[in-house]
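Following: one structure in C-alpha cells, then a few remarks.
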Amino acid sequence: MCRHIAFLGPTVPLGEVLTAPPHGLYRQSWAPRRQRNGTVNADGFGVGWYAEGDPVPARYRRAGPIWSDPGFTDLARVVRTGALLAAVRDATEPGADGEAAAAPFADAGGPWLFSHNGAVGGWPDSLAAPMAALPAREVLTLAARNDSALVWALLGYRLRSGDELGQALTETVLEVATAAPASRLNLLVTDGTRIGATAWGDSLWYLTGPGRRVVVASEPYDDDPRWHEVPDRTLVVATRSGVSLSPLKEPPA
C-alpha cells in the first residue's frame, strides 16, 4: 500500500531523488521491488519540498498515476531543494477524495509533511475512539476521508502540542495499533531538518552518504550497498548528521 521517500541533503533537483535513480519512486509506482501489499501504486501521488529560508513546504499532488502526468517530469527537472517527502499511492479505498487523499499531507502554516504506507484495519469503525478524543477542530479539518488523513490528524495534533518527534510517532502508532491491531503503520514525516519514520508491517530502508545526505524510503532506489534495511517494529529518527533506530513495543493485548 504505497511507496514513499524522504530526503535531506545538498540542494538537488527533485528528479535526482525521484526520477533519475534506476528504481526510484517514479518506477516504484508500477514496478516496486519490495512492496509487501499491492503491486501497482496508481491512485495518486505527491511531492512536498522546502525552499531555502522558508519553513512552509510547497506541494504538488495529483489523483492519477505519476506516469500519466507529463508536467511532473518538468517540475522534477527544474525545482531544486535540500529536503523533500514524496509518495505514490495504492488506496485502501479507491476514489476517496481524489487529490486531497494523496500524500504528502501538510500542517497548515507549519513545517510538517506526512505520508502513510499501509492501512488501518477495520477502518473507519476501529478508530472511532481515537478520533473522538481529538479536539473537534482536528476532526472538522481532516484533509480527506481516509485512514491516512486521520492518522495524520492524530500525529499532527501531538506534534503541535509540543511532543518530541520520536515520542509523537511512537504514541500514534501504538494508539492506532491498539485500536486496530491488523493495521500496517509505516509512517514518514519531516519538517525539512529531521525525518521521522516507523517500520510497522511493510519495508523500510535508509541510506546515508556524502554531503550530509540521508534518505529514508520504503525501498532502495538503486543497488548501492550502503542501504540498510530497518527491522519491523522500529522507530527511525534521522538528520543530516546521522540516523538513530529504536524498537517499538507491541501494544498490550
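Laboratory data are not the source of any read-out in this text; all were calculated from the coordinates shown. This is a predicted model, so every value here is computed, not measured. Note that we place each Cβ from the backbone using ideal geometry, even for glycine, and neighbour counts take in every protein chain shown.
With the dipole of the chain worked out from charges on the C-beta (+1 for Lys and Arg, -1 for Asp and Glu) around the Cα centre, which of THR19, ALA63, SER161 lies farthest toward the positive end?
The one lying farthest along the dipole's positive direction is THR19.
Please give the peptides 31-41, 197-207, 167-177 ranked by average Cβ packing (other Cβ atoms within 10 Å per residue), highest first, as a rough proxy for protection.
Going by the mean number of other Cβ atoms within 10 Å, highest first, we get 197-207, 167-177, 31-41.
With springs only between Cα atoms under 10 Å, which of VAL120, VAL78, VAL12 fluctuates most in a Gaussian network model of the chain?
In this elastic network of the chain, the residue with the biggest mean-square fluctuation among VAL120, VAL78, VAL12 is VAL78.
Can you pull the one-decimal nm distance between simple spin-label points at MET131 and SER244, each 7 Å off the Cα toward Cβ?
Calculated label separation equals 3.5 nm.
Given labels modelled 7 Å from the Cα in the Cβ direction, how far is it in nm from ASP74 to ARG226?
So the label points at ASP74 and ARG226 sit 3.4 nm apart.
What FRET efficiency do you get for VAL139 and GLU164 if R0 is 30 Å and r is their Cβ-Cβ distance, rounded to the nearest 0.05?
My answer for the efficiency is 0.80.
May I ask you to derive the FRET efficiency for ARG212 and VAL40 from their Cβ-Cβ distance with R0 = 30 Å, giving the value to the nearest 0.05?
FRET efficiency, ARG212 to VAL40: 0.30.
Assign unit charges at the C-beta atoms only (+1 for Lys and Arg, -1 for Asp and Glu), then state the dipole size of the range 1-66 relative to its Cα centre in Debye, rounded to the nearest 20.
My answer is approximately 400 debye.
Under a point-charge model restricted to the Cβ atoms of Lys and Arg (+1) and Asp and Glu (-1), what is the dipole moment magnitude of the chain relative to its Cα centre, in debye to the nearest 20?
My answer is approximately 360 debye.
Please compute the net charge surrounding TYR157, taking Lys and Arg as +1 and Asp and Glu as -1 over other residues with Cβ under 12 Å from its Cβ.
Neighbour charge sum, excluding TYR157 itself: -2.
Where nothing but the Cβ of Lys and Arg (+1) and of Asp and Glu (-1) is charged, how large is the charge dipole of the range 1-144 around its Cα centre, in debye to the nearest 20?
That gives the range 1-144 a dipole magnitude of about 460 debye.
Describe numerically, in nm with one decimal, the distance between label points set 7 Å from Cα along Cα→Cβ at ALA108 and at THR234.
The modelled label-to-label distance comes out at 3.7 nm.
Taking only C-alpha pairs under 8 Å that are 6+ residues apart, what is the relative contact order of the range 189-233 in percent?
Values: 59 pairs, mean separation 18.6, N = 45.
Normalised by residue count, the contact order of the range 189-233 is 41 percent.
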